[in-house]
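Shown below is the structure under consideration.
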Amino acid sequence: MTDATHPASTEPEPGVIPQPASAPSASPVHAPLSPASPTIQATLPAPGRGLNDDPLWYKKAVFYEVWVRSFRDSTGTGTGDLNGLISRLDYLAWLGVDCIWIPPFFPSPERDGGYDVELFTGIQVQLGTHQGMKTLLDEAHARGIRVISDFVVNHTSADHPWFIASREDPDGEYGDYYVWRDDDTGYPDARIIFIDTEESNWTFDPVRKQFYWHRFYSHQPDLNYENPKVVEEILDALRFWLDLGVDGFRLDAVPYLIEDEGTNCENLPGTHDILKRIRAMVDEEYPGRMLLAEANQWPNEVVEYFGDGDEFHMAFHFPVMPRMFMALKQGSSKAIREILADTPELPENCQWATFLRNHDELTLEMVTEEERQYLWNEYAPVPKMRLNLGIRRRLAPLLDNDERQIRLMHAMLLALPGSPVLYYGDEIGMGDNIWLPDRDGVRTPMQWTSELPGAGFSEANSYLFPKPIPCVPPFGAQDVNVADQQANPDSLLNWLREILAQRRKHEVFGLGDFQQIDCDDSILAFSRNQGSTHVFCLNNLTAWPQLAEVKMAGFEGRVPAVLSGSIGEAPEVITEDYRIELPPYGYVWLLFSDPPANDSARN
Ligand code: NOJ
């Protein structure tokens, strides 16, 4: 980074090597390839590239979720903070991240990781200050990285002053800010989401002597969106952060804003009306900012959250995620192919957000009961690995720490339609800790170096760490850390950086259309197409070598370039019947472009 683009507000941290963008050679992904190899060398992102003003930036972006409390502690308190995140922005720029998603950083009793908000316009004191947040935005922007913030629209903490006032004074200004009833019989068709903890969506409040409605923990009362004042309050709180410079929001738990008797209280028209108001405000007052929906629903219901391109810009594709894990275990692409075939087209200005893991349990809500039992048996054989309707494990342990499978899952994630959302630590294959409560086991400190006790996360005494640093092989900080993997050209981290760079160079992955390709079930085959650019993506879901046989009519006589893959070179297309062998859990991205990528250094 140059001084002009990289204000020197942060010191380099010990043990972590922020690499100047010009330094690393774009090394081949696996074994060295022959000079004649058509494998294309990635040009790494330029330093301080600055934000572009593309209004559709989110369609091409790679997102990265940072659990701030566990990322980097800058104060020696044992808790990660905003300044700590600032000190790691060079790393994220080096990796090739376009947008950071930060989960709630607002004042909170943290009984639900900060998703229990006490003040929508404040900052949790251990995490930093408003000035710190502003610096984070400026520093990220200087590196060409956008920042979206979580925002919890559906509920507050029971400690929020609105709720305290609401319980104490039913006729007062805040009396109607929450959903109160004299009994707990209302909305019986609404499911309970946190089934391991909650028995009802109603809880009796001994102060007001009424029941209040909550879709999540009983300490998270739902806001009453029938009250226009609530809508105005939320719009103002969003404006507050947009004024500070955030690039958008991940809006939490959006399907549950409005309740209606006789329904399951999800995805109701009134809920969509409110979300459209939020979007209209953003478009009118803050054009270019982005809204991402957390709506854990089936594809035909999620698409409603895009509206006609006038609701959300993006929404997580929840159903495809568990099916990727299912496909891998079954050695069959069927589950992925079926859900993608059931996924409707989106309005032109919209995009899916795809992911493998995040800060929650790996949710199995969007599968059938039979599929859930299958996935639990395969991926969570021990009861402690399960939570609610999901699995509280990280990516690497889920995949038996098999790097071939970790790479394959990422390769599919990065090539399928949508913008990928990575979860901190998965880029180095961090492990989990199932002995910690709730979802804490997938939120342990980032392992920057092998040096214990702090692993580059913190200089505090380790007894101050809210979540211990893993130290047991194969996932301890000595085994898995950023510094060692940065130094190793064959590491998972360097591989991921390389494939991200390839994805960035070819906007077909963000903007191109998607076509499934007939192939043996053991291989997930599809193409991404944009104008004269075509990328064929072939993914071997099995532990055996597989011969992929696909039709490539129209490409006869051409030799595709290997953009990324477990093979060095691809054979020429002689006839339309193309055959290529993939190693166990191997994958390949084959590029046909005009002019051909093989003939020039353009790519
Ligand atoms: C979804 C969030 O991802 C999760 O962490 C939280 O517990 C619930 N919403 C409730 O806010």
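Which of the residues that make up region 307-329 are open to solvent by 10 Å² or more (accessible area, probe 1.4 Å) and touching a His at 6+ places or on another chain (Cβ under 8 Å)?
G307
While we're here: Hey, can you tell me all the residues within region 423-464 that are more than 16 Å from the ligand (Cβ to nearest atom) and among the aliphatic types (A, V, I, L, M)?
Across region 423-464, the qualifying residues are I428, M430, I434, M446, L452, A455, A460, L464.
Tally time: how many residues in region 286-305 are of a type outside the set (D, E) and more than 16 Å from the ligand (Cβ to nearest atom)?
Qualifying residue count for the region: 9.
Moving to a separate point now. Can you say whether G114 is closer than 29 Å to P437 by Cα and either open to solvent by less than 30 Å² (accessible area, probe 1.4 Å) or within 16 Å of the ligand (Cβ to nearest atom) (or both), as far as the supplied structure shows?
Criteria met by G114.
I'd like the full set of residues that are open to solvent by 10 Å² or more (accessible area, probe 1.4 Å), farther than 30 Å from P161 by Cα and not in a helix (DSSP H, G or I), limited to region 75-95.
G76
To continue, here is another question. Looking only at helices (runs of 4 or more DSSP H) that fall completely inside region 254-350, which ones have 3 or more residues that are free of Cβ contacts under 8 Å to residues at least 24 places away in the same chain?
Ranges flagged: 269-285.
Here is a follow-up. Go through region 535-547 and count every residue that is among the β-branched types (V, I, T) and not in a strand (DSSP E or B).
1
Does T203 count as more than 26 Å from T121 (Cβ to Cβ) and not in a strand (DSSP E or B)?
Criteria not met by T203.
Would you pick out the residues in region 218-239 that are open to solvent by less than 20 Å² (accessible area, probe 1.4 Å) and within 16 Å of the ligand (Cβ to nearest atom)?
Those that are open to solvent by less than 20 Å² (accessible area, probe 1.4 Å) and within 16 Å of the ligand (Cβ to nearest atom): Q220, P221, D222, L223, Y225, I234, A237.
Tell me which of these I123 doesn't satisfy, since it passes every other one: (1) in contact with a strand residue (DSSP E or B) (Cβ under 7 Å, 6 or more places away or on another chain); (2) more than 16 Å from the ligand (Cβ to nearest atom); (3) not in a helix (DSSP H, G or I).
(1)
The values are calculated or read from the model by the stated rules, or taken from the named source; none is laboratory data. Keep in mind the model is a prediction, meaning the values are calculated, not measured. Note that we place each Cβ from the backbone using ideal geometry, even for glycine, and neighbour counts take in every protein chain shown. The area values use the complete protein model at the heavy-atom level, side chains included, leaving out ligands, DNA and RNA. Shrake-Rupley method; radii C 1.70, N 1.55, O 1.52, S 1.80 Å.
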